[in-house]
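Chemist: Got a structure for you, written out below as structure tokens; questions coming shortly.
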Amino acid sequence: MDYVILGNGIAGVSAAETIRQLDPEGGITIVADETFTPYSRPMIAMVLAGEVSSDKLPIRKGSFYDDLRISAVLGNRVSGIDVDQKRVMIQNDAYLPFDKLLIATGADPRPIKAEGLSLNNIFFMRTEAHIRDMLAAISEAKKALVLGGGLVGFKAAYGLLKKGLDVTMLITSGYPLSLQVDETTGKLILDELRNYGLKVRVGISVEAFEGNGAVAGARLSDGSHATCDMVVVGKGVLPALSFVPRDKIDVDLGILVSEQMETSAAGIFAAGDVAECVDVSRQTRWVNAIWPEAVTQGRIAGSNMAGRPVSYRGSLSRNVLRILSLDVMTMGMVNAPDTSEYEVIASLNPGSRTYRKLVFRENTLCGAVMLNAIEQGGILMGLIQNEIPINVPKKVLLQPTFNFKQLMI
Ligand SMILES: Cc1cc2nc3c(=O)[nH]c(=O)nc-3n(C[C@H](O)[C@H](O)[C@H](O)COP(=O)(O)OP(=O)(O)OC[C@H]3O[C@@H](n4cnc5c(N)ncnc54)[C@H](O)[C@@H]3O)c2cc1C
């Protein structure tokens, strides 16, 4: 059996390991455009901030490919898939045949519409190479604009501030992390960032970058100008699937997969940030581009590819974040649709800045956001993931001290 895996991120690596465990003899080839040893993508932000060195990034040994007898075709971009002939197209018009294929090409930074994007010192932050380029530019830079208030935008802004730059975050929505948290949490995070010295402007975006060769400023959506000598664009990601033939493999935002992580084309699987599957809390298809889901999906895909059937219940968005002095935990739907099916309960203590909010769909929990009171978050996550009916007064779950025993009535 010849297995081909596209992408050497955590989804591709997890799949390769699972396949090798189940099929000691099969041929495994990984094709990837990055040449670095498989590494922790979330940790690149810590390299930017100077909190760890880049030699701490690898998540596997340098001998990973040899140890698992994987043929690694690195520094090579996939340009197409011939579904009927079962082969992928790589550089120099070469073809790689496969019996089973996994698409695990992750995501690309979401492009933005603004003039002047080709000026120097405008960066995206997705790869280890991006960080190297940013660190080279930082030594000359003084004033940075960070576009986007999501996870990547926040981590970029924090890193640049730690490097001594004067940083302004420009956020289109009214508060940071608007996809992860609700308004109450977002406003508390906003205060925290500003108190720390970050300049944050909300409800604003960039229309054009200006400069001669390198970026020197930006024209903003309210007509004002901002000076800067460095820009980081962190406006989310899009599944990296430009090479996927849409007439042969069903695609919505991501590649549509079954509970076995198989695409609409038999024998072709997808996992990680590139895949779109059912979201257990939203009960609809969703792309949850997070590390733990990429691990699980890679393993499930690998197992099914190697002939051991396993099903996936679906993904769940979740994050545990330390934002300066704030502990934030968020999972599932944190903003409930305004219908009678949903019930929201919350408790806020502005003095201690503690907050817990729970979202229920009838008698199951489907979302939670917690700030500085994240205790029992693991139990809450289990209740959501397994759709366990809540048969006790819901407010019991608001107490950080509740325990399993209290749920057993
Ligand atoms: C700065 C940052 C911070 C993050 N923080 C968190 C966090 O705190 N918590 C969390 O859960 N998640 C976080 N994430 C998201 C997390 O890193 C991703 O969900 C995870 O890496 C996805 O793994 P993957 O294997 O699906 O894709 P990737 O890690 O993107 O790997 C895909 C690989 O495929 C390669 N590839 C793409 N297209 C092609 C092609 N055409 N040909 C060949 N190779 C190709 C890519 O170069 C890449 O090497 C963060 C991401 C970033 C960038």
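Chemist: In the range 211-230, how many residues are in contact (Cβ under 8 Å) with a residue 40 or more places away in the chain and either outside any strand (DSSP E or B) or within 16 Å of the ligand (Cβ to nearest atom) (or both)?
Modeler: Number satisfying all stated conditions: 3.
Chemist: Same structure, new question: Within the range 4-46, how many residues are over 18 Å from V244 (Cβ atoms) and of a type outside the set (S, T, N, Q)?
Modeler: Residues in the range 4-46 being over 18 Å from V244 (Cβ atoms) and of a type outside the set (S, T, N, Q): 23 in total.
Chemist: Would you say E192 is over 27 Å from L358 (Cβ atoms) and of a type in the set (D, E)?
Modeler: Numbers: over 27 Å from L358 (Cβ atoms): no; of a type in the set (D, E): yes.
Criteria not met by E192.
Chemist: I'm told L151 meets every condition in (1) more than 9 Å from the ligand (Cβ to nearest atom); (2) in the same structural domain as T172 (by TED's automatic domain parsing) except one. Can you identify the failing condition by its number?
Modeler: (1)
Chemist: Something else now. Of all residues in the range 236-257, which are in contact (Cβ under 8 Å) with a residue 12 or more places away in the chain, in a loop (DSSP other than H, G, I, E, B) and either surrounded by fewer than 19 Cβ atoms within 10 Å (Cβ to Cβ) or away from the ligand (no atom under 11 Å from the Cβ) (or both)?
Modeler: Matches in the range 236-257: G236, F243, P245, K248, I249, D250, D252, L253, V257.
Chemist: Something else: Taking the options D327, D338, name whichever one is of a type outside the set (S, T, Y) and over 26 Å from Y196 (Cα atoms). Spell out the reasoning first.
Modeler: On the way: D327 fails: over 26 Å from Y196 (Cα atoms).
Every option except D338 fails the conditions.
Chemist: Still on this structure: Restricting attention to the range 40-59, and to residues there that are away from the ligand (no atom under 12 Å from the Cβ) and surrounded by 16 or more Cβ atoms within 10 Å (Cβ to Cβ), which single residue is farthest from E293 (Cα to Cα)? Reasoning before the result, please.
Modeler: So in the range 40-59, the residues away from the ligand (no atom under 12 Å from the Cβ) come out as 50-56, 58.
Retained after the next criterion (residues that are surrounded by 16 or more Cβ atoms within 10 Å (Cβ to Cβ)): 54, 58.
Working: S54: 24, P58: 19 Å.
The extreme case among them is S54.
Chemist: When you scan the range 81-105, how many residues do you find that are among the hydroxyl-bearing types (S, T, Y) and within 13 Å of the ligand (Cβ to nearest atom)?
Modeler: Within the range 81-105, the first condition is being among the hydroxyl-bearing types (S, T, Y), and the residues that meet it are 95, 105.
Filter again for within 13 Å of the ligand (Cβ to nearest atom), leaving 105.
Residues flagged as among the hydroxyl-bearing types (S, T, Y) and within 13 Å of the ligand (Cβ to nearest atom) within the range 81-105 amount to 1.
Chemist: If you go through the range 119-128 one residue at a time, do you hit one that is among the polar types (S, T, N, Q), more than 9 Å from the ligand (Cβ to nearest atom) and modelled with pLDDT of 95 or more? Before you say what the answer is, go through the steps one by one.
Modeler: First, the residues of the range 119-128 that are among the polar types (S, T, N, Q): 120-121, 127.
Filter once more, keeping what is more than 9 Å from the ligand (Cβ to nearest atom): 120-121.
After this cut, where a residue has to be modelled with pLDDT of 95 or more as well, the list is 120-121.
Looking through the range 119-128, at least one residue is among the polar types (S, T, N, Q), more than 9 Å from the ligand (Cβ to nearest atom) and modelled with pLDDT of 95 or more.
Chemist: On the phi < 0 side of the Ramachandran plot and free of Cβ contacts under 8 Å to residues at least 60 places away in the same chain: which single residue out of D108, D93, D133 fits that description? If you could, list the steps in order and put the result at the bottom.
Modeler: Details: D108 fails: free of Cβ contacts under 8 Å to residues at least 60 places away in the same chain; D93 fails: on the phi < 0 side of the Ramachandran plot.
Just a single option satisfies the conditions, and that option is D133.
Chemist: If you don't mind, another one. Mind listing whichever residues of the range 24-39 are in contact (Cβ under 8 Å) with a residue 40 or more places away in the chain, buried (at least 18 other Cβ atoms within 10 Å of the Cβ) and more than 7 Å from the ligand (Cβ to nearest atom)?
Modeler: Residues satisfying the conditions are I28, T29, I30, Y39.
Chemist: As an exercise: evaluate V4 against (1) modelled with pLDDT under 95; (2) hydrophobic (A, V, I, L, M, F, W, C); (3) under 23 Å from S303 (Cβ atoms) and give the number of the one condition it does not meet.
Modeler: Of the numbered conditions (1) modelled with pLDDT under 95; (2) hydrophobic (A, V, I, L, M, F, W, C); (3) under 23 Å from S303 (Cβ atoms), the odd one out for V4 is (1).
Chemist: Follow-up question, since we're still on this one. Please go through the range 138-164 and pick out each residue that is surrounded by fewer than 19 Cβ atoms within 10 Å (Cβ to Cβ) and not charged (D, E, K, R). Walk me through it before giving the result.
Modeler: First, pick out the residues of the range 138-164 that are surrounded by fewer than 19 Cβ atoms within 10 Å (Cβ to Cβ): 139-140, 142-143, 162-164.
Across the range 138-164, the qualifying residues are S139, G164.
Chemist: Return yes or no: is I5 part of a strand (DSSP E or B) and closer than 18 Å to A294 by Cα? If you could, list the steps in order and put the result at the bottom.
Modeler: Details: part of a strand (DSSP E or B): yes; closer than 18 Å to A294 by Cα: yes.
Spelling it out, I5 is indeed part of a strand (DSSP E or B) and closer than 18 Å to A294 by Cα.
Chemist: Kindly check whether there is at least one residue in the range 211-232 that is under 22 Å from the mean Cα position of the chain (by Cα) and of a type in the set (V, I, T).
Modeler: First, pick out the residues of the range 211-232 that are under 22 Å from the mean Cα position of the chain (by Cα): 231-232.
Narrowing the set further to residues that are of a type in the set (V, I, T) leaves 231-232.
Looking for residues that are under 22 Å from the mean Cα position of the chain (by Cα) and of a type in the set (V, I, T), one finds at least one in the range 211-232, hence yes.
Chemist: Name the residues in the range 258-284 that are charged (D, E, K, R), out of contact with any Gly (no Cβ under 6 Å at 6 or more places or on another chain) and not in a strand (DSSP E or B), would you?
Modeler: Once the filter is applied, which keeps residues that are charged (D, E, K, R), out of contact with any Gly (no Cβ under 6 Å at 6 or more places or on another chain) and not in a strand (DSSP E or B), the range 258-284 yields E259, R282.
Chemist: Looking at the range 130-140, is at least one residue within 14 Å of the ligand (Cβ to nearest atom), among the β-branched types (V, I, T) and not assigned by TED's automatic domain parsing to the domain that holds V287?
Modeler: yes
Chemist: For R318, state whether it is under 22 Å from L371 (Cβ atoms), within 15 Å of the ligand (Cβ to nearest atom) and modelled with pLDDT under 95.
Modeler: Numbers: under 22 Å from L371 (Cβ atoms): yes; within 15 Å of the ligand (Cβ to nearest atom): yes; modelled with pLDDT under 95: no.
Considered against the rule, which asks whether it is under 22 Å from L371 (Cβ atoms), within 15 Å of the ligand (Cβ to nearest atom) and modelled with pLDDT under 95, R318 comes out as no.
Chemist: Residues that are of a type in the set (D, E, K, R), under 29 Å from K163 (Cβ atoms), within 10 Å of the ligand (Cβ to nearest atom) and modelled with pLDDT of 95 or more: does the range 60-72 have at least one? Spell out the reasoning first.
Modeler: Initially, the range 60-72 is screened for residues of a type in the set (D, E, K, R), giving 60-61, 66-67, 69.
Narrowing further to those that are under 29 Å from K163 (Cβ atoms): 60.
Filter once more, so that each one left must be within 10 Å of the ligand (Cβ to nearest atom): none.
Within the range 60-72 (the criterion being of a type in the set (D, E, K, R), under 29 Å from K163 (Cβ atoms), within 10 Å of the ligand (Cβ to nearest atom) and modelled with pLDDT of 95 or more), the answer is no, since none of the residues qualifies.
The values are calculated or read from the model by the stated rules, or taken from the named source; none is laboratory data. Nothing here was measured: the structure is a model prediction, and the numbers come from that model. FYI the Cβ positions are ideal-geometry reconstructions off the backbone, even for glycines, and counts take in every protein chain you see.
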